[in-house]
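One structure below.
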């Protein structure tokens, strides 16, 4: 069988190698190679989407012995949970590379790091070997550290170090949990499919492993109170780095929560689900209220990410609690769809904030006003993305959040208080729109240019996807549902 999954996974790495072999290539050529590589990667993931997933288990599996003495192999494949995230990752990386064509400071290193990060990110969602998963999980930290430290803003070194230390230390408990699974399994293997089919741990051992995994994924998602690295990383990262961090890398935590915690320690997760639910509710409400207090537009968007990722945590906890398979499926469908919609919506918002900062050299909302009349394209794109973020029907977040809230109401009615986050999010975005785009236009912004071709090439497909996912989500939900409807735990 043609190794489509592996080719799509390592295509960015191949492109990075080509760029490294051309040290004297000029910046336009380097960016063209990066965009071409990302385009081929997206084409490969689209082909994977056309191939589809089977109703039970993993599809398109490719396997090669890696370290047979310890049962570690190169195993990759997809199911209905990972395939939408793989497609989202490939699409966002292509758009970030298009957006970054103006980078002239060390373009070789910048594009190589972006392509390395793309392979690492795809690997997290494609890996079916736990050791391989952990390798990709860690490599992604290195790439993002250098992107923030090398091309970020004024306090980038401190933010990059905080990001790296928090997430590196946070990932160590996951390694301990993986080793516990390996030692507890009847057969010495790191095959995640075997651990899902027959969970290796039970009782107190499973609970300790779950606690380790919950800590890692809480830091990575992140949820309150493990979120403190996120605002600094977002604010100091370049716009493209913020898009990848929010749109792709935050999903490592929620994806791992489903793949590892829910599927490999189902009984322990069910016992701890109320704690996870409370953390998700607190995180969603905390993110919304803290975002309401922000004056920096980028920090505002960063804290709304904490809010929306909290909804996903609530959905996963509801799935663990649900005795009714229909409610369990509903909660997981909504959670996975929310991961996709969050990547699209928050990605668009960070692109727009980055474009605004390029023009004004500030993100402080109080310094703006009336920009809709001067930069109408930027203004209307931002308004649509903001309405999507606050859950307006017909846009991407609504079908995802509606399913999460409906399942939560059926399982834990008291936790439905999390819907207050939508009210607060609506208020904070309406306030931001009013301060930045409405009212009188300050004289200093009268020459501000509107979005150019480069930015329109990035924002137009994102906006179309946001609308398509809101109006007709079935094209993604059908893929997700083929897996979530067969899960039993």
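Points to keep in mind about this one:
- The C-beta contact set for the range 332-352 (first residue on the phi > 0 side of the Ramachandran plot, second residue crowded, with 24+ Cβ neighbours inside 10 Å, distance under 8 angstrom, 6+ apart or interchain) is empty.
- Residue identified as crowded, with 24+ Cβ neighbours inside 10 Å and either without any contact (Cβ under 8 Å) to a residue 60 or more places away in the chain or not in a helix (DSSP H, G or I) (or both) among 273, 261, 246, 284: 261
- Some residue of the range 335-355 being modelled with pLDDT under 95 and outside any helix (DSSP H, G or I): no
- Residue list for the range 431-447, filter: in contact with a helix residue (DSSP H, G or I) (Cβ under 8 Å, 6 or more places away or on another chain) and assigned to a helix (DSSP H, G or I): 431, 432, 433, 435, 436, 437, 445
- Some residue of the range 307-330 being under 20 Å from the mean Cα position of the chain (by Cα), within 30 Å of residue 448 (Cβ to Cβ) and assigned to a helix (DSSP H, G or I): yes
- Hey, residue 117 under 18 Å from the mean Cα position of the chain (by Cα) and at pLDDT below 90 or not: no
The values are calculated or read from the model by the stated rules, or taken from the named source; none is laboratory data. Worth saying up front: this structure is predicted, and the values here are computed from it rather than measured. Every residue, glycine as well, gets a Cβ built from its backbone with ideal geometry; the counts of neighbours run over all protein chains shown.
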